[in-house]
Each structure stands twice: as C-alpha cells, then as structure tokens.
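The values are calculated or read from the model by the stated rules, or taken from the named source; none is laboratory data. Here the structure is a predicted model, which is why all the values come from computation and not from measurement. Cβ placement follows ideal geometry from the backbone for every residue including glycine, while neighbour counts extend to all protein chains displayed. Protein only, heavy atoms only, side chains kept; ligands, DNA and RNA dropped before computing areas. Shrake-Rupley method; radii C 1.70, N 1.55, O 1.52, S 1.80 Å.
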Amino acid sequence: MASISQAKTVVKIGNVEVGGPRFTVMAGPCSIETEQQFQSTAKAVRSSGASVLRGGIWKMRTSKNSFQGLGSDAFEMIKKVKADTNMPLVSEVTDIRQVEEIHHLVDAYQIGARNMHNYSLLKELGRQPKPVLLKRSFSAFIDEWLKAADYVLAGGNDQVILCERGIRTFETATRNTLDLNAVVYAKKHSQLPVIVDPSHAVGISDLVPELCYASAAAGADGLIIEVHPKPSEALSDGPQALTFESFDKTMKQLEKVLHAFDKGLNKP
Ligand code: PEP
Ligand code: MN
C-alpha cells in the first residue's frame, strides 16, 4: 500500500500543483452540455478563484434513459473553452478506449466512483503520462481505495490524487455521507494528495458550502465542486450544483477558513 515513509507527492495538473502548500479548487459542470454553458461556467469559476476546470464527457448514469454525456460532440467545445480560459481540465474516462481518444484534450483523467474497482482501466492509466484523480467508490473501504491507487502507481505513474466523494450509509436524507475520517486517514497513511468532492457527497446544493469549509479544516488538499449556470435546467446532478453566485460566496468564505490554517489558494 502507498506508504507515508515516502515524501509527499505533488501532482501537477497543467501548471497547477495539487498537494503542495496551496489549496486547489477544481470546479465546473457535472456534464458538458453546450458550448455556452461550458464557456460561461469556466469563466465564472475562474474569476471566483478555481484553478482547474471539470466537465463530464461520458456519464455513468444509473438509468440508461438519463443523459449519458455528449461524448465526442464535446471535443470541439473543450478545445475552444480551454483556449479561451487557459484552464487545465479534468474529465472522467469510463472506458479504456476513451483514454487515447481524449489524451490531447485533458490534463488529468478522472476515475469515477463506479470504476474505482476497474483494475484494467487503472493499469492503463498507470502507463499514461498524465495525472489521475481517483474517486473512492461509495462502498469501498479506505484500504481498497488506497490499494486501487497502487494499481496506477505500479505502472510508473506517480501522479495520483485521491478523492473522497461520500459513501453509502444507512442515512437517506442526503445523497451520500461525506467521510472526513477517510480524508484524515488517507492524509496520514498515503503520500498522495487528498481532495474532497462535497457535491456528490451531500447531493444538496445548499449544504455544499459548509462541507467545503469542513474539508479545508480537516486538511484536504483541495476540492472538486459542481457548478452550473442554471442548476434547475442541468442535464445531470442539478440538485447539487452551485450557481455562479453561491460558488463565488463559498470561495470567499473558504479563503478565510484556509487563512485560519495558514494556507492559501492556488490562484488561476
Ligand atoms: C462526477 O464527477 O460527475 C461523478 C459521476 O462522480 P462519481 O463518480 O463520484 O459519482
Ligand atoms: Mn456529477
């Protein structure tokens, strides 16, 4: 298992250092829907202080009838938005064939919660010269999550970020339960940076800001947050998306929390 005896890993997504002295905020829509939606969200999150952009191309939806993502129709939009905003992009690969397809478009590959146990996909990413953001499965033990990271590391790719995104518990009032135990545990038992996805953890936009502050106070290295220009019209995960305004307010408060811990934000 990844061990603490090694020096802490700093992961570079484009020019952004995750796991160094500064805290990193990644933000953007759950899914890329239109050029206008993606472009306006990228500009808004950047001006509020996010340094890495997120945006889903292929979505792992519970129902086959739900929006599955734009797939290759998003490629041109990504090129344009990245050229305009100069932000590095993290996006999920759900299939081994997509790794090659988007290698020129993304700065980090996301492994979603549902694919944390997809060891052939993890092995493939171990051979890639790009960072990997590894979500914890909603039903994985912390130990299984850390061992999943080892599949990437073993291939020679040391650029792995661990992401806690909420687990299934007996609780049904919220979408999942944010496991801050996992954040502090992984920080102590792994050399890898650890970030939190409060959006999928709680599933309710009004509750996301407080979980951002709690994650920063718990020592996370960063956050990945879903933001949408009109959450009520989002094609996926609208109920948990922050508006531009609420994201901006959250970022201002977050900086105060970080300041209390002598930490600064990685600026875009
Ligand atoms: C996502 O980031 O939109 C996503 C599907 O996350 P998860 O894999 O954590 O459910
Ligand atoms: Mn989502």
**OP:** Using DSSP, restrict attention to beta bridges with both residues in the range 100-210 and report what percent are antiparallel, rounded to the nearest 5.
**Re:** 10
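Using Cα pairs closer than 8 Å and at least 6 residues apart in sequence, work out the relative contact order for the range 36-130, in percent. Could you put the intermediate results ahead of the total?
Details: 95 pairs, mean separation 24.1, N = 95.
Averaging sequence separation for qualifying contacts and normalising by length gives 25 percent for the range 36-130.
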Subject >> the range 29-115 - Debye-derived log10 I(q)/I(0), Cα point model, q = 0.15, 0.16, 0.17 Å⁻¹ >> reply: -0.51, -0.58, -0.66
Subject >> Most mobile listed residue (VAL257, VAL227, VAL194) in the chain, GNM with C-alpha springs under 10 Å >> reply: VAL257
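How much area per residue is accessible in the range 187-254 when the probe is 1.4 Å and only protein heavy atoms are counted (Å²)?
Details: 2390 Å² over 68 residues.
Heavy-atom accessible area per residue stands at 35 Å².
Share of antiparallel DSSP beta bridges in the chain, in percent to the nearest 5?
15
With charges set only on the Cβ (+1 for Lys and Arg, -1 for Asp and Glu), what does the dipole of the range 48-101 come to about its Cα centre, in debye to the nearest 20?
Working: 8 positive and 7 negative charges, 38 e Å.
Using Cβ point charges on Lys, Arg, Asp and Glu, the range 48-101 gives about 180 debye.
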Subject >> Only Lys, Arg (+1) and Asp, Glu (-1) charged, at Cβ; the range 1-149 dipole about Cα centre in debye >> reply: 280
**OP:** Using every pair of alpha-carbon atoms in the chain, split the distances into 5 Å bins beginning at 0 and state the percent of pairs per bin, rounded to integers.
**Re:** 1, 6, 14, 19, 22, 19, 12, 5, 1, 0
Original post:
Over the range 1-159, what is the relative contact order in whole percent, taking alpha-carbon pairs under 8 Å and six or more residues apart?
Top reply: 20
Subject >> Per residue accessible area in Å² of the range 30-77, where ligands, DNA and RNA are left out and the probe is 1.4 Å >> reply: 42
Original post:
According to a simple spin-label model (label point 7 Å from Cα along Cα-to-Cβ), what is the distance in nm between PHE67 and LYS12?
Top reply: 3.5
Subject >> Probe 1.4 Å, accessible area per residue of the range 102-179, Å² >> reply: 41
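In whole percent, and with a 1.4 Å probe on the protein chains, what portion of the accessible area of the range 130-268 is carbon and sulfur?
Numbers: 3260 of 5840 Å².
Reported share for carbon and sulfur atoms: 56 percent.
So if R0 is 30 Å, what FRET efficiency would VAL257 and LEU105 give, r being the distance between their Cβ atoms, rounded to the nearest 0.05?
On the way: r = 33 Å, r/R0 = 1.10.
Taking R0 as 30 Å, the efficiency between VAL257 and LEU105 is 0.35.
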**OP:** Take the Cα coordinates of the range 220-268, assign each an equal point scatterer, and use the Debye formula without solvent to give log10 I(q)/I(0) at q = 0.17, 0.24 Å⁻¹.
**Re:** -0.58, -0.90
Original post:
In terms of Cα to Cα distance under 20 Å, which lysines are near enough to LYS43, apart from those fewer than 8 places away along the same chain?
Top reply: LYS79, LYS80, LYS82, LYS230, LYS249, LYS252, LYS267
**OP:** Compute the projected area of the convex hull of the Cα atoms of the range 132-268, averaged over all viewing directions, and report it in nm² to one decimal place.
**Re:** 9.0
Subject >> Estimated [θ] at 222 nm from DSSP helical runs (n ≥ 4, -39500 (n - 2.57)) normalised by residues in the chain, nearest 500 >> reply: -10500 deg cm²/dmol
Original post:
If contacts are Cα pairs under 8 angstrom and at least 6 residues apart, what is the relative contact order of the chain in percent?
Top reply: 24
Original post:
Per the 1.4 Å probe, what fraction of the accessible area of the range 1-60, in percent, lies on carbon and sulfur atoms?
Top reply: 50
Original post:
Assigning unit charges at the beta carbon (Lys, Arg +1; Asp, Glu -1) and nothing else, what dipole magnitude in debye, to the nearest 20, does the chain show about its Cα centre?
Top reply: 300
Original post:
Say we join alpha carbon atoms closer than 10 Å with springs in a Gaussian network model of the chain; which of LEU70, LEU223, LEU134 then has the biggest fluctuation?
Top reply: LEU70
